[in-house]
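Enquirer: Structure in structure tokens, see below.
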2 protein chains.
Amino acid sequence: VTHRSKLCGFIIDCRTDDLGAAAEFWGRALGMETRALPAEEGEKYVRLVDRNSELHIEVQKVDHPSRVHLDIEADDIEAEVRRLESLGARRIVQQHSHTWVVMEAPTGQRFCVVRKSSTGFDSGANEWR
Amino acid sequence: VTHRSKLCGFIIDCRTDDLGAAAEFWGRALGMETRALPAEEGEKYVRLVDRNSELHIEVQKVDHPSRVHLDIEADDIEAEVRRLESLGARRIVQQHSHTWVVMEAPTGQRFCVVRKSSTGFDSGANEWR
């Protein structure tokens, strides 16, 4: 096994000046509680808590057009990015501290590879060889 | 209680002539098995099976730009659409047989309201009054 990965959730990217209003809409639309995040993180992200699943869901304030993007968590980000490149995805943005990488699918959607964080990672992740 | 609803999953909309290649990429990227659907449905949709959750995930062949859209399932589609309109969403497309409605969030993302279908609906859905 070289590394492991799985879908961990999605981020609702909103081009807005009012993160609070965006999070309130999505929280009420999906019937999920909103949870403020501390300090700098809280200026860009609000967590939505899904009591039906382990999904990690956040509303994010962004400058690009609004969209929904999927997050894949991995125990080795670089190995996962290379695996996805071999399937045809492209590396778009790499954060300086290498805690996430933005990629683009051959079909055009942006998505992220992030560090493993879900409690179900060990039992649920796919093993890649 | 007027009706109930919950997030049921998401659809990976792909602007492509090759639904099979799109589904193969996403299935391998997310580590999920692909499942062909019968007849007409199979010309536009491939199911991805997430063994970690009850999420309903499909890859869809579309003519509009590629994106990911969320699906909300409801036991009364019209009541759910009206609830979402009261939160600021707009009705965009209504299928003739009323089995789904495309909406747009105030933050710009398209999403769908569909008929309840998940096995966890009764225990997991939000109740609206």
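Enquirer: Per residue of A:63-70, what is the mean number of Cβ atoms on other protein chains within 10 angstrom of that residue's Cβ?
Expert: Working: counts 0, 0, 4, 8, 9, 10, 2, 7.
Counting Cβ atoms of other protein chains within 10 Å of each residue's Cβ and averaging gives 5.
Enquirer: Rounded to the nearest 10 Å², what accessible area does residue B:25 show when all protein chains are kept and the probe is 1.4 Å?
Expert: 10 Å²
Enquirer: Which loop-located trypsin sites (Lys or Arg not before Pro) does segment A:50-105 contain, where loop means any DSSP state but H, G, I, E or B and the Cβ has at most 12 other Cβ atoms within 10 Å?
Expert: Those that pass, being in a loop and sparsely packed, are A:51.
Enquirer: Also, I was wondering about something else. Counting only protein heavy atoms, probe 1.4 Å: which residues of segment A:22-44 lose 50 Å² or more of accessible surface in the full assembly compared with their chain by itself?
Expert: Listed in order, they are A:25, A:26, A:28, A:29, A:30.
Enquirer: Now for a separate question. Ignoring everything but the protein chains, give the 1.4 Å probe accessible area of residue B:128 in square angstrom, nearest 10.
Expert: 50 Å²
Enquirer: Please check: in the Gaussian network model of chain B (C-alpha springs, under 10 Å), which one of B:69, B:98, B:56 has the largest mean-square fluctuation.
Expert: Maximum among the listed residues: B:98.
Enquirer: Using a 1.4 Å probe over the heavy atoms of the protein chains, calculate the carbon and sulfur portion of the accessible area of segment B:1-110 as a whole percent. Show your work: numbers first, answer last.
Expert: Working: 2350 of 5230 Å².
Answer for segment B:1-110 is 45 percent, counting heavy atoms of protein chains only.
Enquirer: How big is the C-alpha Rg of chain A next to the rule-of-thumb value 2.2 N^0.38 Å, as a ratio? Don't jump to the answer; show the numbers that get you there.
Expert: On the way: Rg = 15.0 Å, N = 129, 2.2 N^0.38 = 13.9 Å.
Expressed relative to 2.2 N^0.38 Å, the Cα Rg reads 1.08.
Enquirer: Under 5 Å between amide H atoms, partner at least 5 residues away or on a different chain: which partners does residue A:3 have, H built in plane at 1.01 Å?
Expert: Residues meeting the criterion, in which the H sits 1.01 Å from N, are A:128.
The values are calculated or read from the model by the stated rules, or taken from the named source; none is laboratory data. Model, not experiment: these values are computed from the prediction. Here the Cβ is made from the backbone with ideal geometry for all residues, glycine too, and neighbour counts use every protein chain on show. Areas reflect the complete protein model, heavy atoms only, side chains present, ligands, DNA and RNA absent. Shrake-Rupley method; radii C 1.70, N 1.55, O 1.52, S 1.80 Å.
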